[in-house]
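Notes to accompany the following structure.
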Amino acid sequence: MDIIDLSAVPASPNNLESFLDQLCDRLALDYASYAVIAPFSDAVRGYANYPAAWKSHYMQRQLQNVDPILQKAALSIAPVDWSRFERDRSFKTVFYEATDFGISPQGLTVPIRGRFGDRGLLSVSRAGPQREWERLKRNIMPELQMAAVHLHDSVMRMSAPLSSNQQAKLSQREVEVLQWVAAGKQQQDIGDILSISPRTVEVHLRSAREKLGALTTFQAIGRAIALGVIFPV
């Protein structure tokens, strides 16, 4: 598995460094990283706001070849708390060294599945008492999932801009349902507003997720906003 540091490639309109820094500031996180895994070669392209010394160390030691966050979290369809890897020898290998650079082994990875077989991973970490981490994680999960979609779609556009016929074609009802969910409405409320049953609301949400290549409704909302299909509230 090869890895490419996105900070080493020419700058793009999507300032990933700034986005990750702002994400950490806004959500009270220590560090964040993003990686996209190509569908056929398994090559990894990534960027992180970790200390430069750790990034250099990680790449020189080729830790991407043993890092379970890349090797295992990418296979998940749901966010993965790093505590799942506590007994994993590879995880200990990576983070035993990472702690020397001030990086906590307490973190979370949000996986993204692209529409063309690509996979993305947004990982964040935060040192501190586990009780505080659990509370923070619950509060920031929706925003992390939408941020993961934004990063993934931005990097994919940098590689190969999406043409209009590659964009999802949502029905008017699917757009309406997503917009109301983005506004904070529950399925029962949306059903009342649109004069349909909550079960029908879920059918439209499931269809929208499939068309958008999203694992969760939050990710579908993030992708729909990025495509200009719905508007942030």
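The values are calculated or read from the model by the stated rules, or taken from the named source; none is laboratory data. What you see is a predicted model; the values in this text were computed from it and never measured. Neighbour counts are summed over all protein chains in view; Cβ atoms, including those assigned to glycine, are modelled from backbone coordinates with ideal geometry.
When restricted to residues that are under 19 Å from VAL44 (Cβ atoms) and of a type in the set (Lys, Arg), region 76-114 contains 1. Checked against (1) in contact (Cβ under 8 Å) with a residue 24 or more places away in the chain; (2) over 22 Å from THR216 (Cα atoms), ILE69 passes all but condition (2).
Scanning region 89-119 for residues that are part of a loop (DSSP other than H, G, I, E, B) and of a type outside the set (A, V, I, L, M, F, W, C), we see that the one that is modelled with the lowest pLDDT is ARG115.
Mind checking whether some residue in region 127-142 is closer than 18 Å to LEU215 by Cα, surrounded by 14 or more Cβ atoms within 10 Å (Cβ to Cβ) and in contact with a Lys or Arg (Cβ under 6 Å, 6 or more places away or on another chain)? Looking through region 127-142, none of the residues is closer than 18 Å to LEU215 by Cα, surrounded by 14 or more Cβ atoms within 10 Å (Cβ to Cβ) and in contact with a Lys or Arg (Cβ under 6 Å, 6 or more places away or on another chain). Is it the case that ALA214 is touching a helix residue (DSSP H, G or I) at 6+ places or on another chain (Cβ under 6 Å), at pLDDT below 90 and crowded, with 21+ Cβ neighbours inside 10 Å? Judged against the criteria, ALA214 is a match. Residue under question is SER56, and the condition is that it be among the hydroxyl-bearing types (Ser, Thr, Tyr) and either in contact with a strand residue (DSSP E or B) (Cβ under 7 Å, 6 or more places away or on another chain) or touching a residue at least 60 places away in the same chain (Cβ under 8 Å) (or both); does it hold? In short, no. Filtered by the rule that a residue be hydrophobic (A, V, I, L, M, F, W, C), farther than 14 Å from PHE101 by Cα, part of a helix (DSSP H, G or I) and touching a helix residue (DSSP H, G or I) at 6+ places or on another chain (Cβ under 9 Å), region 43-75 gives LEU63, ILE69, LEU70, ALA73.
Test ASN139 against the stated conditions and say whether it is of a type in the set (S, T, N, Q), assigned to a helix (DSSP H, G or I) and modelled with pLDDT of 85 or more. Yes. On the given criteria, is GLN71 polar (S, T, N, Q), within 26 Å of LEU215 (Cβ to Cβ) and in the same structural domain as PRO142 (by TED's automatic domain parsing)? So GLN71 passes the test.
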